[in-house]
Amino acid sequence: MEDTRSKPTTQVGSVVVGTLGPDGTWVDTAHYLAQFEQSEHGAVFGRLVIPWPRVERVTWSLPPREAEIDQPHSVVRVVVEDGTTDGEEIVVASERFDITPWAVGLLVDDLLDADKGLVSQRRILVPWHAVREYERTTAAMMRGDGAPPSRPDGQL
């Protein structure tokens, strides 16, 4: 069975907050995206605040858009908590990765409709306590196309 923690069912206009329940099980709760804000204290939905230490990730879908043809040169590999030994690895283009004081933000392409040339995207916020590691690298290195530079300045 496929683990859907990074792929909760969301519709455009809703946001899903993944938390760990009292028994340690993953709980996804949907909220209206229009009510969502993030603050240094946690995920805010109107008057409800879920503190960052309880949040494992926040995910919402974006409207479909045209697919980008150019492949990214620079990427970021992020390993996040998902309840497994290895964690979940998510790779995004560098320009689709951002850092806040309380979380990392990822913009992930989900579905590609080749006939229409559209991509469905999700925005994921992962609080720092749920980030195991991240690494800035190149797409060639992720594919295994290139050897690592032999010099610290990146020159071969």
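The values are calculated or read from the model by the stated rules, or taken from the named source; none is laboratory data. In this text the structure is predicted, and so the values were computed from the model without any measurement. When the accessible area is computed, the model is the full protein with side chains, heavy atoms only, and any ligands, DNA or RNA have been set aside. Shrake-Rupley method; radii C 1.70, N 1.55, O 1.52, S 1.80 Å.
Points to keep in mind about this one:
- Solvent-accessible area, 1.4 Å probe, carbon plus sulfur percent, for segment 44-143: 53
- Within segment 53-105, the proportion of Cα pairs with more than 13 Å between them is 72 percent.
- Calculated on the Cα set of segment 1-116, radius of gyration then Dmax: 15.2, 45 Å.
- The H on the amide N of T138, modeled in the peptide plane, is under 5 Å from the matching H of V75, each at least 5 residues off or on a different chain.
- Here the Karplus curve 6.51 cos²θ - 1.76 cosθ + 1.60, taken at θ = phi - 60°, turns the phi angles of segment 69-84 into couplings of 7, 5, 7, x, 8, 9, 10, 10, 9, 10, 10, 10, 5, 9, x, 9 Hz, with x standing for Gly and Pro.
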